[in-house]
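Notes to accompany the following structure.
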Amino acid sequence: MNIRVEQLKERILASQGKEQADFILRNAKIADVFSLEWKLADIVVTNGHIVAVDTTGAFIAKAEQDAEGKYVVPGLIDAHIHIESSMVTPLAFSRILLPHGVTTVITDPHEIANVSGADGIQFMIDESLKSEMDIHIMLPSSVPATPFEHAGAVLKAKDLQPFLTKEKVLGLAEVMDFPAVLSGDSDMLDKIAMALEANVPIDGHGAGLKPNQIRGYRVAGIHTDHECITAEEALDRVAQGMYVLVREGSAAKNLRDVLPAVNTQNARRFMFCTDDKHLDELIEEGSIDHAIRLAIKEGMEPLQAIQLATLNAAECYKLYNKGAIAPGFIADFFMIDSLESFRAISVWKNGLKIAEDNKMLKVNASEDYLPQHIANTVSLPTLSVADFSIPLTNDGTANVIEIMPNQITTRKKVLKVPVIEGFFTPCTEHDLLKLAVIERHQASGNIGLGIVHGFGIKMGAIATTIAHDSHNMVVLGTNDEDMLAACKHLESIQGGVVIIKDGKVLASLSLPIAGLMSDKPATQTAKELKILHESIISIHPNLDFHLLLTLSFVSLPVIPELKLTDTGLFDVVAYKHIPIQA
């Protein structure tokens, strides 16, 4: 007999008490996410599925545990994340978050796809299958994100089509190039039509879009947005039939601003996501559990917050056997110590306890290896300090990027900047620094230069190959010599992050997998990241925001208002390149 049918039969018989169950968690105070009430009952599990939520005590099992009346909630779901932003592989990532009660994530591998193309997507799928966590894939829709930069790959509908039948692939990931959608660009519409024909979800990316533009997205079949930064934006999306993913990551922290949009009438159209979150914060805070804690602190009813983090996300992405503790659902759940702390005590995945007291109980496979086919991705042209020169022939009035701490949006400013002998000169007193984005995939020689305000470093330079979404090399500096040294060091280690002062390396983090991820275990990577952050403090003593993540988004030309790509300064609102000189 087919194994699937045999297991189905076993579950049915166990649900009727005709066969012994595999496991029972007794006396659990269960979060009922359908009716939003707490229910004291036993959770009965067979073959990794819940077969009964019993209040009679009639079931028996091969193993059991007494929850002693503690709260038990469904496994949490991160509705949108780029695992590459954690700087570790999916396997290492899963072992960080499972102890926090996050049992499922929906990831868009467009970071690695922008570097390594289809090979990068396949790597993430392969790694997801090794993971104890359920990692589902949305296929990158925008590689490159726009035609105004150079990525390491170009993916069209014909390149994505074969992946739709792969295990763990759910749909089409965030459609970032909104002008391509709204103008009816054939390449973009081919991808959307492919997803619509397959009847799979399509994620949106509506940063700064007006209601009429969102209308165009909806007509195209796009049904989510994670870029809302105000309650008004969220309410508009919901009114037009979208799901809103309330984001709380490392750089973009939108939960407090968006949460007032959620009420008892529309709550089923909201869920939580992180989008991008660094390894150190994932270890310390978790991800979706952290969002629930914040939501409760902001006044949301705990069961409502749990529903957003579980059932809503599952139904949005057609994961109909996830997101609840009820018969027929996969047995993913965890026990917490209190609603206020919302800290996972024990975590069950597929009915087996896999984590306790914030630690995995058993780890089998090795985490550290370097996949050669997506390594060696950093190729720079021959550089000199002259490549960082910014000539200004006017009185020094320039278009300047102003960063917004803990946001991925920027402001366009027109400021008078210091000029010596016809060239912009960085000024730490007025926090006017130099920024460069260097194409690093083909050594083409493309270098975009700009002036930035708000980073506040006092000396040296910082460079990284994490530069959304094309992931060219981005370098921030107070002087050209340290900027050059930073670029050369990153090329020598084939990607990562480096801090330079007076020509010397203060700290560096090697990320040789596509220049985005470490080939080392998460614990070792976290230690190196901590040293990196400490070194940043030495050149920015008053730092009060996540500098690395903020830096990694200054090159993303789909997020307002002013960004820098390898082809130059880009006005996102006007959707065109502009000169530095105003």
> Which of (1) in the same structural domain as residue 261 (by TED's automatic domain parsing); (2) among the charged types (D, E, K, R); (3) in a strand (DSSP E or B) does residue 315 not meet, given it meets every other one?
Replying inline: (3)
> Looking at 443, 467, 461, which is the one that is under 23 Å from residue 155 (Cα atoms), touching a helix residue (DSSP H, G or I) at 6+ places or on another chain (Cβ under 9 Å) and hydrophobic (A, V, I, L, M, F, W, C)?
Replying inline: 467
> How many residues, within the stretch 99-124, are in a helix (DSSP H, G or I), under 25 Å from residue 320 (Cα atoms) and under 16 Å from the mean Cα position of the chain (by Cα)?
Replying inline: 2
> Restricting attention to the stretch 108-133, which residues are buried (at least 24 other Cβ atoms within 10 Å of the Cβ) and of a type in the set (Val, Ile, Thr)?
Replying inline: 112, 115, 121
> If you check residue 569 against the conditions, is it crowded, with 22+ Cβ neighbours inside 10 Å and in contact with a Ser or Thr (Cβ under 6 Å, 6 or more places away or on another chain)?
Replying inline: no
> Considering the stretch 280-304 alone, what residues qualify as being closer than 24 Å to residue 469 by Cβ and either small (Gly, Ala, Ser) or at pLDDT 95 or above (or both)?
Replying inline: 282, 287, 288, 291
> Is it true that some residue in the stretch 82-99 is more than 25 Å from residue 363 (Cβ to Cβ) and in contact (Cβ under 8 Å) with a residue 60 or more places away in the chain?
Replying inline: no
> Could you list, in sequence order, the residues of the stretch 37-53 that are in a strand (DSSP E or B) and touching a residue at least 24 places away in the same chain (Cβ under 8 Å)?
Replying inline: 37, 38, 40, 43, 44, 45, 46, 49, 50, 51, 52, 53
>> Residue under question is residue 476, and the condition is that it be assigned by TED's automatic domain parsing to the domain that holds residue 378 and either in contact with an Asp or Glu (Cβ under 6 Å, 6 or more places away or on another chain) or in a helix (DSSP H, G or I) (or both); does it hold?
In response: no
>> Which residue is surrounded by the fewest Cβ atoms within 10 Å (Cβ to Cβ), if the candidates are limited to the stretch 489-505 and must be over 19 Å from residue 470 (Cα atoms) and in contact (Cβ under 8 Å) with a residue 40 or more places away in the chain?
In response: 502
> Looking at the stretch 384-393, is at least one residue modelled with pLDDT of 95 or more, part of a strand (DSSP E or B) and surrounded by 14 or more Cβ atoms within 10 Å (Cβ to Cβ)?
Replying inline: no
> Among the listed residues 375, 398, which satisfies the condition of being surrounded by 13 or more Cβ atoms within 10 Å (Cβ to Cβ), more than 22 Å from residue 439 (Cβ to Cβ) and touching a strand residue (DSSP E or B) at 6+ places or on another chain (Cβ under 7 Å)?
Replying inline: 398
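Every residue, every condition in (1) crowded, with 24+ Cβ neighbours inside 10 Å; (2) touching a strand residue (DSSP E or B) at 6+ places or on another chain (Cβ under 7 Å); (3) closer than 26 Å to residue 337 by Cβ, yes or no:
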residue	(1), (2), (3)
19	no, no, no
26	no, yes, yes
29	no, yes, yes
34	no, no, yes
41	no, yes, yes
53	no, yes, yes
70	no, yes, yes
74	yes, yes, yes
79	yes, yes, yes
>> Which numbered condition in (1) touching a strand residue (DSSP E or B) at 6+ places or on another chain (Cβ under 8 Å); (2) surrounded by fewer than 18 Cβ atoms within 10 Å (Cβ to Cβ); (3) modelled with pLDDT under 95 is the only one that residue 148 fails?
In response: (2)
> Considering only residues of the stretch 215-245 that are β-branched (Val, Ile, Thr) and under 20 Å from residue 556 (Cβ atoms), which is surrounded by the most Cβ atoms within 10 Å (Cβ to Cβ)?
Replying inline: 224
> Of all the residues that make up the stretch 192-248, how many are among the charged types (D, E, K, R) and not in a helix (DSSP H, G or I)?
Replying inline: 6
>> Pull out all pairs, ordered by first then second residue, where Cβ-Cβ is under 6 Å, the residues are six or more apart or on different chains, the first lies in the stretch 296-324 and is on the phi > 0 side of the Ramachandran plot, and the second is crowded, with 19+ Cβ neighbours inside 10 Å.
In response: 323/74; 323/310; 323/311; 323/314
>> For the list (1) in contact with a Phe, Trp or Tyr (Cβ under 7 Å, 6 or more places away or on another chain); (2) over 23 Å from residue 161 (Cα atoms), I need the number of the one condition that residue 139 fails.
In response: (2)
>> When you check residue 558 against the structure, is it buried (at least 18 other Cβ atoms within 10 Å of the Cβ) and in contact with a Leu (Cβ under 7 Å, 6 or more places away or on another chain), yes or no?
In response: no
> Which of the residues that make up the stretch 125-162 are aliphatic (A, V, I, L, M) and either in a helix (DSSP H, G or I) or in the same structural domain as residue 473 (by TED's automatic domain parsing) (or both)?
Replying inline: 125, 129, 157, 160
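The rows are residues; the columns are (1) within 23 Å of residue 95 (Cα to Cα); (2) out of contact with any strand residue (DSSP E or B) (no Cβ under 7 Å at 6 or more places or on another chain); (3) of a type in the set (A, V, I, L, M, F, W, C).
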| position | (1), (2), (3) |
| --- | --- |
| 503 | no, yes, no |
| 516 | yes, yes, yes |
| 525 | yes, yes, no |
| 552 | no, no, no |
| 573 | no, yes, yes |
| 576 | no, yes, no |
> Are any of the residues in the stretch 167-184 closer than 30 Å to residue 48 by Cβ and crowded, with 24+ Cβ neighbours inside 10 Å?
Replying inline: yes
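The values are calculated or read from the model by the stated rules, or taken from the named source; none is laboratory data. All values reported here derive from a predicted model rather than from experimental measurement. FYI the Cβ positions are ideal-geometry reconstructions off the backbone, even for glycines, and counts take in every protein chain you see.
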